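Participant: Sharing a structure, written as structure tokens. Questions coming.
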Amino acid sequence: MTTFTGNHSDRFDAAVSRRFVLKAGFAGLAAVALGGLTACGAGDASGSGAAEASKKLTVAASPAPHAEILNSFAASKLKEEGIELVVKEYTDYILPNKDTASGSVDANYFQHINYLENYNKENGTDLISVGSIHYEPMAVYAGKSSDLAAIADGATIAVPNDPTNEGRALLLLQDQGLITLKDPTNLEATPNDIAENPHGIVFQELEAAAVPRALESVDFAVINGNYAIEAGYHVKDALVHEETGSTAVEQYANIVCTTPEKEEDENIQALVKVLQSDDFKAYLEENYGQDVLPAF
């Protein structure tokens, strides 16, 4: 026989207390179980987040026209496909390739194929083109002088100093009959490769981005299309420019570049498709006219 002490009220309170402790225990177990399920759910959400993160595409680009094109045209097109386009702007020709090779960015859009091949050769990299996009005619602009046909002896012409763009500038001057190269088809010519220079032209070799800034201090300048656009110059205002169908035009189409490992990346392929569309052709014509022409 069990002997109880105290009155009936005490016994009732004790029984209630035991039931409360049992319920609290079950509630605690349920909370632990629910917490486990929540943790699993968080893991799934994280997985989903990782999947979403994989739809982000980071592209290195020079400000004009490349970054402009990516931000004002390509970004909205890719967004419709669930791809977030992140554009990192660079003002030089070296870092975009370095960051692409290292994986800091997924791809870049600023250069032509000849520049890329030269960069690979000099830096031991294996970056590749995944598509030709557009072409920017290189042109000669007036500085202190305005008549290229009546160029004075000893006139100074500013040209970009990187191997491929300097050769391109000299090819354009050769097309105008101002100089003759030892090898008339040399895409990487320098002033040392000039066979005939009847006017004694003095070449001021500058980093490509600096050429527009030197225009007021030289007679003429041969300016890359992207840097001309940034400086507010346009092909229609140039004295002469590369013509469609020329060797230069065929060799200097701007490309989307990446690593061999990312050649088949769905996001990069989606970008190339957007930039090789009829809509893009219409966009270029409306926004850039002769300054930026489709290369596909």
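Participant: Going 7 Å from the Cα of T125 along its beta-carbon direction, which residues of segment 250-272 have the amide nitrogen within less than 12 Å of the resulting point?
Facilitator: In segment 250-272, the label zone of T125 (backbone N under 12 Å from the point 7 Å along Cα→Cβ) covers 257-260.
Participant: List the residues, sorted by chain then number, that are 5 or more residues from A142 or on another chain and whose placed amide H is less than 5 Å from its amide H.
Facilitator: Amide H neighbours of A142: L239.
Participant: Turning to a different aspect of this structure: Of all the accessible heavy-atom surface of segment 172-296, with the other protein chains kept in place and a 1.4 Å probe, what percent is carbon and sulfur? Before the final figure, lay out the partial values.
Facilitator: On the way: 2700 of 6160 Å².
Heavy-atom surface of segment 172-296 belonging to carbon and sulfur, 1.4 Å probe: 44 percent.
Participant: Ignoring ligands, DNA and RNA, what percent of the 1.4 Å accessible area of segment 84-167 is carbon and sulfur? Working shown, then result.
Facilitator: Numbers: 1470 of 3240 Å².
Roughly 45 percent of what the probe reaches on segment 84-167 is carbon or sulfur.
Participant: Let me ask you something else. Based on the Cβ-Cβ distance of R213 and L95, what FRET efficiency does E = 1/(1 + (r/R0)^6) give at R0 = 22 Å, to the nearest 0.05? Please list the in-between numbers first.
Facilitator: Details: r = 20 Å, r/R0 = 0.90.
Between R213 and L95 the formula returns 0.65.
Participant: Rounded, prolate or oblate for segment 197-250? Axes are the square roots of the Cα gyration tensor eigenvalues, ordered a ≥ b ≥ c, and the cut-off for rounded is a/c under 1.5. Please list the in-between numbers first.
Facilitator: Values: a/c = 1.74, a/b = 1.12, b/c = 1.56.
It is oblate, given that a/c is not under 1.5 and a/b is not larger than b/c.
Participant: Given a Förster distance of 41 Å, report the FRET efficiency between S146 and S102 from their Cβ-Cβ distance, rounded to the nearest 0.05.
Facilitator: 0.35
Participant: Between segment 203-246 and segment 83-114, how far is it from one alpha carbon centroid to the other, in angstrom?
Facilitator: The distance from the Cα centre of segment 203-246 to that of segment 83-114 comes to 23 Å.
Participant: Okay, next question. Among the listed pairs K98/K182; K236/K281; K55/K236, which are separated by more than 29 Å between their Cα atoms?
Facilitator: Values: K98/K182 33 Å; K236/K281 19 Å; K55/K236 40 Å.
From K98/K182; K236/K281; K55/K236, over 29 Å: K98/K182; K55/K236.
Participant: Across segment 257-265, in residue order, what do the Karplus-derived ³J(HN,Hα) couplings come to in whole Hz, using 6.51 cos²θ - 1.76 cosθ + 1.60 with θ = phi - 60° and x for Gly and Pro?
Facilitator: 10, 8, 8, x, 5, 9, 4, 9, 4
Participant: Here's another thing I want to ask about it. Could you derive backbone 3J(HN,Hα) for segment 154-159 from the dihedral phi with the Karplus parameters 6.51, -1.76 and 1.60 (θ = phi - 60°), listing whole Hz in sequence and x where the residue is Gly or Pro?
Facilitator: For segment 154-159, the Karplus curve yields x, 4, 9, 10, 7, 9 Hz.
Participant: Among rounded, prolate and oblate, which fits segment 222-296 when a ≥ b ≥ c are the square roots of the eigenvalues of its C-alpha gyration tensor, a/c under 1.5 means rounded, and a/b larger than b/c means prolate?
Facilitator: Details: a/c = 2.16, a/b = 1.77, b/c = 1.22.
Here segment 222-296 falls in the prolate category.
The values are calculated or read from the model by the stated rules, or taken from the named source; none is laboratory data. Every value quoted in this text rests on a predicted model; they were computed, and no experiment measured them. Positions of Cβ are backbone-derived with ideal geometry, glycine not excepted, and every protein chain shown enters the neighbour counts. We work out accessible area using only protein heavy atoms, side chains counted, and drop any ligands, DNA or RNA first. Shrake-Rupley method; radii C 1.70, N 1.55, O 1.52, S 1.80 Å.
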